[in-house]
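**Student:** There's a structure below that I have some questions on.
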Amino acid sequence: MALVDLHVAELGALEEMARRDSSLRRIDPRAKLVTTLVFILTVVSFGIYELAALLPLLLYPVVLLSLGDLPTGYILRKVALVSPFAILVGIFNPLLDHSPHLIVGDFHVSGGWISFASILLRFVLTVSAALILIASTGVHHLALALQRLGAPSAFVMQLLFLYRYLFVLTQEALRTVRAITLRSVDRKAMSMKTYAHFLGSLLLRTLDRAQRIHVAMRCRGYDGSVRLLNTLQFRAADALFIALWCAYFLAIRFGNVPHRIGELVMGVFT
Amino acid sequence: MHMADALLSPAVGGGMWALSAGLIGYCSKVLRTTLDDWKIPLMGVVSAFVFAAQMVNFSIPATGSSGHLGGGLLLAILLGPHAAFLAIASVLTVQAFFFADGGLLALGCTIFNLGFFPCFVAYPLIYRRIAGSNPTTARLWTVSILAAVAGLELGALGVVLETRLSEISALPFTTFIALMLPIHLPIGIIEGIVTAAVVQFVYRARPEVFDAATALSQGRKIAVAPVLVVLAIAAVCSGGVLSWFASSHPDGLEWALFHSTGTEEFAGREDALHASLAHVQTKTAILPDYTFSASEAPAETGAKTQWPAVDPGTSVSGIVGGAITLGIVALAGLALRRRAAPARP
């Protein structure tokens, strides 16, 4: 099934990017995580009609894409791929909100269109920030960062286990699906009954695997807690990363920079 | 069902984050006290199973479309509510990071909508109550469908409430509900059918799996706390939404009304949940929500005073300034690229 292949490739691609060395990669995952969250909070804290004021925030993903040496097209494609929900909910704004909001000559732009554009811009900003975070960090470092930031260790273990076995089980599912496809000519997708049997046997194999894994772990001294090697080091550069970006976000949040620039330029001309 | 950051306000996103983080902490604590060292590997691998299962679609009879397993209810049946909640939360976290399915701020909402309702409402209050320990086929199917539908519809309701409370979308509450709930009804039914079929398959092939599963959740009475929490939230939410309806018109004229009647509407809208969340927000000094601070502290920045006034002059300077900002950002990106390029191996 092509779809499964595609998903596995997608998962692998981001992790592959996270392995490449770059100046962004060397920033402590905790610093990146915290800054990303502050960034997202800043983005969503703007009012729904503030479009121009959001624009300077584009600097964050743009600079990070460059520092991380990440493929812009790839990230944008992923953003577009998950946009339907936001578009679906946001598209009603232009239909419902006709209040005049922006007048350029005889041309009136309704508040609905402005808020729709603002939703789309927020969407691009927040989703790209999250993708950049993972593409420059990777799951293992992210889990370490989460643990060091106080996430419960059961949850962190759970994340690491899920990620470790994701690929194994997807491959297993893929093999089973291939076998089913080979025996069902001319059928595009499997029937519900086949699906249930497929899931059932995959589940049984999963449970067996869990048992084998547990036995293997016990043999290696597992006593109920997994000790993570802490390789994270918080340096001055990381603190600077957080401080500079947060200062920038605050400046953008509380001073409408594009508006000021616009006034300045218009002032020169009039 | 995966919420987007772009549709959330900081108050709603932050509040739901706190709620879900609290639930994750609570579940981790419960699991730690039960001290079964095989639980962690089991949960991890089973959640990887859900991830793999979601990638494979099946055809839905007579519709031409296809669907896949959601997994919330199945995990709860297999692992018990606490372990299942952690497993779902981890699946959603990985999805949020890798597929951008639901943003990072929205993760709290997503975990609550897709995790809390199946694990702590549908499973203990519907599935376990009716199914018992050894259900007949008919009973298993009925109760699975009921529980799956209930879990999913509550989740959909959660999405609507969270979006509505965030006030980013102009979509009226009733229209949104009327769109979301019917769409999720067939999805819930199919989820229930698939769950029942898988549970039955495993019952027939390896009944001892469920002994292990019940052992996992044994001795754990259904915790009253989470149920009380959800009831409280539901009360506050419905109170908030209802008073919102009483105080304002849920249609496109909202903006016009606001500006013709002044700020009273906003004052009236600042009710239970919003008020408390806004309070927490100002207390923790996170950027104050725009719409509220407009009435509290007008003329704080230039943007706020000019916001409601439609004035061609400011419009043009806004567009000019915006264009220049975009140019600067693009130039910064290009410059950094150039600088970074030679370093590439």
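Nothing in this text is a laboratory measurement; each read-out follows from the coordinates by a stated rule. Remember, predicted model here, so these are calculated numbers, not experimental data. FYI the Cβ positions are ideal-geometry reconstructions off the backbone, even for glycines, and counts take in every protein chain you see.
**Student:** Arrange A:Val127, B:Val94, A:Val268, A:Val34 by Cβ neighbour counts within 10 Å, fewest through most, would you?
**Tutor:** A:Val268, A:Val34, B:Val94, A:Val127
**Student:** Extending each Cα 7 Å along its Cβ direction at A:Ala236 and B:Ala335, get the distance between those two points in nm, one decimal.
**Tutor:** 2.4
**Student:** Now for a separate question. Hey, if you put +1 on the Cβ of every Lys and Arg and -1 on every Asp and Glu Cβ in segment B:99-207, which of B:His184, B:Pro207, B:Ser169 ends up farthest toward the positive end of that dipole?
**Tutor:** The residue sitting most towards the positive pole is B:Pro207.
**Student:** Based on a Kirkwood Rh over C-alpha pairs, give the Stokes-Einstein translational diffusion coefficient of chain A at 25 °C and viscosity 0.890 mPa s in µm²/s.
**Tutor:** Once the numbers are plugged in, D ends up at 110 µm²/s.
**Student:** Sticking with this structure for a sec: To the nearest Å, what is the center-to-center distance of segment A:154-200 and segment A:201-227, using C-alpha atoms only?
**Tutor:** Rounded to whole Å, the Cα centres lie 19 Å apart.
**Student:** Obtain the nm distance between the two label points defined at A:Ser191 and A:Val226 by a simple spin-label model: each point lies 7 Å from its Cα along the Cα-to-C-beta direction.
**Tutor:** Label at A:Ser191, label at A:Val226, 4.0 nm between them.
**Student:** What does the charge count around B:Leu114 come to, taking other residues whose C-beta lies under 12 Å from its C-beta (Lys +1, Arg +1, Asp -1, Glu -1)?
**Tutor:** Result for the local shell: -2.
**Student:** If you stretched the chain out fully between B:Tyr203 and B:Ala138, how much longer would it get, using 0.36 nm times the residue separation minus the C-alpha to C-alpha distance?
**Tutor:** Value of the extension gain: 22.0 nm.
**Student:** Per q in 0.11, 0.13, 0.19, 0.20 1/Å, what log10 I(q)/I(0) does a Debye calculation on the alpha-carbon atoms of segment A:104-226 return?
**Tutor:** One equal scatterer on each Cα of segment A:104-226 leads to -0.71, -0.85, -1.09, -1.12.
**Student:** Would you give the gap between the C-alpha center of segment B:129-156 and the C-alpha center of segment B:160-203, rounded to a whole Å?
**Tutor:** 15
**Student:** How big is D, in µm² s⁻¹, for segment B:96-220 by Stokes-Einstein at 37 °C and 0.692 mPa s if Rh is the Kirkwood radius over C-alpha pairs?
**Tutor:** Here the translational diffusion coefficient equals 204 µm²/s.
**Student:** Rounded, prolate or oblate for segment A:111-161? Axes are the square roots of the Cα gyration tensor eigenvalues, ordered a ≥ b ≥ c, and the cut-off for rounded is a/c under 1.5.
**Tutor:** prolate
**Student:** Please state the charge dipole magnitude for segment A:137-270, taken about the Cα centre, from unit charges on C-beta atoms (+1 on K and R, -1 on D and E), reported in debye and rounded to the nearest 20.
**Tutor:** In total the dipole reaches around 660 debye.
**Student:** I would also like to ask the following. In a shell of Cβ-Cβ distance under 12 Å around A:Arg212, excluding A:Arg212 itself, what net charge do Lys and Arg (+1) and Asp and Glu (-1) give?
**Tutor:** +2
**Student:** Could you give the spread of the C-alpha atoms of segment A:219-267 along their three principal axes, from largest to smallest, in whole angstroms?
**Tutor:** 75, 22, 13
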